[in-house]
Amino acid sequence: MTEATAETTYPIWAVWRWKLHWQILLGIVLGALVGLGLASSVETSAELKDSASFKTLALIAQMFINGLKMLIVPLVAASLIVAMGGIGKRPGFARMGGETLLYYLCTSLIAVLIGITLVNVIAPGVSDDGFVLTQETTDQFSNEQATIKKKVGDKEGSDFFDVFLKMIPSNIVAAAANGQLLGLIVVSLLFGYFMARLNDDKRVVMEQFWGGLYDIAISVTNLVLAFAPIGIAALIAKTLADNVVALGADGRLDQLIGMIFMFAVTTILALGIHALIVMPLILKFVAGVSPIAHLKAMMPAIVTAFSTASSAATLPVTLDCVETRSRVSNRTASFVLPLGATVNMDGTALFECVAALFIAQLYGIDLGMADQFFIIMVALLTSVGVAGVPSASLVAIVIILQAVGVPMEGLAIILVVDRILDMCRTSVNIWGDSCGAVVIAKSEGEDQVLVPQAPNPDTAAT
Ligand code: ASP
């Protein structure tokens, strides 16, 4: 477990010599212990949030998240412009784009089918004693209702067409500043495409500029990653303490707790089947690589996704792991991953279906085949537009509920456990993107993928 140099042997407790993913795992364990300790030392959420320890943890966690977030815009813009500049002129470009979109569509479809099957079979929202959710119960969740209102605004069923509008931002700087990655992606792809068609003298300067910017952003990512064990420990401690105290003091849940628990189990089981059975099968039989080796390589990104619940904030780490640890070429990774972090959200699409059907079950509403088919379609579409930030899928679930005539107030019930499920679905989102990068790389003939000693195709080419 220790990583000793040739000359020196370090003892096992020399944590700073451990590989990054072991350090991060240690951070998670310590963070969980601190979080549970903190939760048991206070009575109420207010007391917890007032404590100096909680404030310190929140500060460290936020500094780590900010460190990652500040890299999103330069990384997305530079990686896509460089990737598009490199592949935009080659004849195989349309094929690679097509393969990527096909992979996203197929895997998201498999995910929602797993989710919809399990939620129908397990039926977590159907109670044995005939409990049906009423307005009286949902009214008790006024704080959660207010949070949802704030997040969702006055979105309506037809608003999923917004996805198309977001692709063409009226102001690139505003899109970047507001985290509207879809707009930034389209603009970057266009810039890269036309960069490849500039006169040689201008093209070389632009390529060097964007390539240099990309390298700098990756170096800063590595610097931020060195603090990941501490940042992730603080994030886990803060989130756990916050959620344990809130749930423990929540008397409103007495009647619902069993169903909420089954809902969480259904979601986690469905996510598990997708991530640990379907994806490995695709890696093994479509890409011909070892799923375990890729999982090991992706551990820092997966745990970052788990603790931040944000695909966008995790993107710098995903790019770094896929390129340096799984050895996918920069050309493929920098095209597939920024796109995937925004439009390919298997975990989110799956969750949207499970959540919408669970809420319908709570209300005693029986959704037929046609409605469920509609939910699958809307979940696939909205997961493309959902931002890679915590709890972003709530907006999509509101859209689905409104479209099939289920009261959206029921969403407040799942908000109570949303954070932990968000952590799980974001990890699956990231894992799905990284598997996509490997599958596409392999289909592009990249033999070095997941071969530790193989020459790096990017440096070999220059
Ligand atoms: N938190 C998720 C992500 O960033 C989005 C969601 O499902 O809420 O990928």
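Taking into account only those residues within region 309-344 that are of a type in the set (Ser, Thr, Tyr) and away from the ligand (no atom under 16 Å from the Cβ), which is surrounded by the most Cβ atoms within 10 Å (Cβ to Cβ)? Residue satisfying both the conditions and the ranking: 334. Among the residues making up region 121-151, a single one is at pLDDT 95 or above and surrounded by fewer than 13 Cβ atoms within 10 Å (Cβ to Cβ): 121. Just give me the residues in region 345-388 being at negative phi, more than 16 Å from the ligand (Cβ to nearest atom) and outside any helix (DSSP H, G or I), in sequence order. Result: 363, 365, 366, 367, 368. Every listed requirement among (1) touching a helix residue (DSSP H, G or I) at 6+ places or on another chain (Cβ under 6 Å); (2) within 13 Å of the ligand (Cβ to nearest atom); (3) over 19 Å from residue 298 (Cβ atoms); (4) part of a helix (DSSP H, G or I) is met by residue 412 save one, (2). Of the candidates 391, 434, the single residue that is within 15 Å of the ligand (Cβ to nearest atom) and either within 25 Å of residue 262 (Cβ to Cβ) or modelled with pLDDT under 95 (or both) is 391.
Counting only residues that are more than 20 Å from the chain's Cα centre (by Cα) and more than 17 Å from residue 358 (Cβ to Cβ), region 262-291 holds 8 of them. Pairing each residue of region 311-336 that is touching a residue at least 40 places away in the same chain (Cβ under 8 Å) and farther than 17 Å from residue 428 by Cβ with any residue that is within 16 Å of the ligand (Cβ to nearest atom) and outside any helix (DSSP H, G or I), provided the two are 6+ apart or on different chains, yields C-beta distances under 6 Å for 316/71.
Conditions (1) under 28 Å from residue 70 (Cα atoms); (2) assigned to a helix (DSSP H, G or I), marked per residue:
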residue: 136; (1), (2): no, yes
residue: 176; (1), (2): yes, yes
residue: 179; (1), (2): yes, no
residue: 221; (1), (2): yes, yes
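Once region 273-308 is narrowed to residues that are away from the ligand (no atom under 16 Å from the Cβ) and among the small types (Gly, Ala, Ser), the residue that is surrounded by the fewest Cβ atoms within 10 Å (Cβ to Cβ) is 288. Go through region 253-272 residue by residue and tally those that are within 16 Å of the ligand (Cβ to nearest atom) and either of a type in the set (D, E, K, R) or at pLDDT below 95 (or both). Counting residues in region 253-272 that are within 16 Å of the ligand (Cβ to nearest atom) and either of a type in the set (D, E, K, R) or at pLDDT below 95 (or both) gives 0. Look at (1) in a loop (DSSP other than H, G, I, E, B); (2) in contact with a Lys or Arg (Cβ under 8 Å, 6 or more places away or on another chain) and you find that residue 43 fails only one, number (2). Considering (1) of a type outside the set (A, V, I, L, M, F, W, C); (2) farther than 26 Å from residue 37 by Cβ; (3) within 16 Å of the ligand (Cβ to nearest atom), the lone condition that residue 221 does not fulfil carries the number (3). Kindly indicate whether residue 164 is at pLDDT below 80, surrounded by 11 or more Cβ atoms within 10 Å (Cβ to Cβ) and of a type outside the set (A, V, I, L, M). In short, yes. Residue check: residue 195 meets all listed conditions (1) surrounded by 19 or more Cβ atoms within 10 Å (Cβ to Cβ); (2) hydrophobic (A, V, I, L, M, F, W, C); (3) under 29 Å from residue 67 (Cα atoms) but one, namely (3).
The values are calculated or read from the model by the stated rules, or taken from the named source; none is laboratory data. What you see is a predicted model, and the numbers here were worked out from it, not measured in a lab. For neighbour counting, all protein chains shown are included, and Cβ atoms are generated from backbone atoms with ideal geometry for every residue, glycine included.
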